Every structure is written in structure tokens, then in C-alpha cells.
Amino acid sequence: MKFDKSLLRTVLFSLGVVAFVIGVYQTIVEKDLGRNYWIFMISLACWLPLNYWRQQEARRAKELEVAKQVAELNKPAKKNKKRR
């Protein structure tokens, strides 16, 4: 069975959003951010891997683009043979 990374991303994002909304609600109801700080940290802990993975993908895409450009520049030049 292959691991579905997109499912993990969806679950982490959803959990982060839900934790953030619950944290905001609890902070408004209790009027105390300090007691609900841990809820916001759960939200942050869910979003940090997502940002890290996005940066890795962007870096890989850039590396592939640069590699293609280098390969294009390193192609041997075509010789123009003129027929007379």
C-alpha cells in the first residue's frame, strides 16, 4: 500500500484550521490568551510541516528548471553544412 502524502497534508491543514478556530473561540469566551496558548501551538505544529514541504517542492522545481537550462546550454552546437 502506497502512502498518500496529499491526504496527510489535507488532514494536517484541516486539523490546524480547526485548532485555530477553537483557540480563537476559547480566547474570546474566556478573555484569556495565556490559558489557550497551547491550542494555538497545536495549530502551528500542524502548519509548520506543510510550509516546509512546500519550500522543498519549490526548491526541487527550481533545481529541475536550472538543470534543464544547463543541459540546453551544454548541447553540442549543430554544424551547418552548406551544399554547393
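Readers should treat all values here as calculations from the given coordinates under stated rules, not as data from a laboratory. Computed from a predicted structure; not experimentally measured. FYI the Cβ positions are ideal-geometry reconstructions off the backbone, even for glycines, and counts take in every protein chain you see.
Report the trypsin sites (Lys or Arg not before Pro) located in the stretch 1-75 that are in a DSSP loop and have at most 15 other Cβ atoms inside 10 Å of their Cβ, or state none. Provide the component values of the computation, followed by the final result.
Numbers: sites: Lys2, Lys5, Arg9, Lys31, Arg35, Arg54, Arg59, Arg60, Lys62, Lys68; in loops: Lys2, Lys31.
Sites meeting the loop and neighbour criteria: Lys2, Lys31.
Considering all projection directions equally, how large on average is the shadow of the alpha-carbon convex hull of the stretch 5-73, in square nanometres? Could you put the intermediate results ahead of the total?
Details: hull surface 22.6 nm².
About 5.7 nm², averaged over all directions.
Please identify, among Leu15, Leu48, Leu73, the residue showing maximal mean-square fluctuation in a Gaussian network model of the chain using a 10 angstrom Cα cutoff.
Result: Leu73 has the largest fluctuation of those listed.
Compute the helix-to-body angle for 5-30: its Cα long axis versus the longest principal axis of the chain, expressed 0 to 90° and rounded to tens.
30 degrees
Picking from Gln69, Gln55, Gln26, which is most flexible by a Gaussian network model of the chain using Cα springs under 10 Å?
Of Gln69, Gln55, Gln26, the Gaussian network model singles out Gln69 as fluctuating most.
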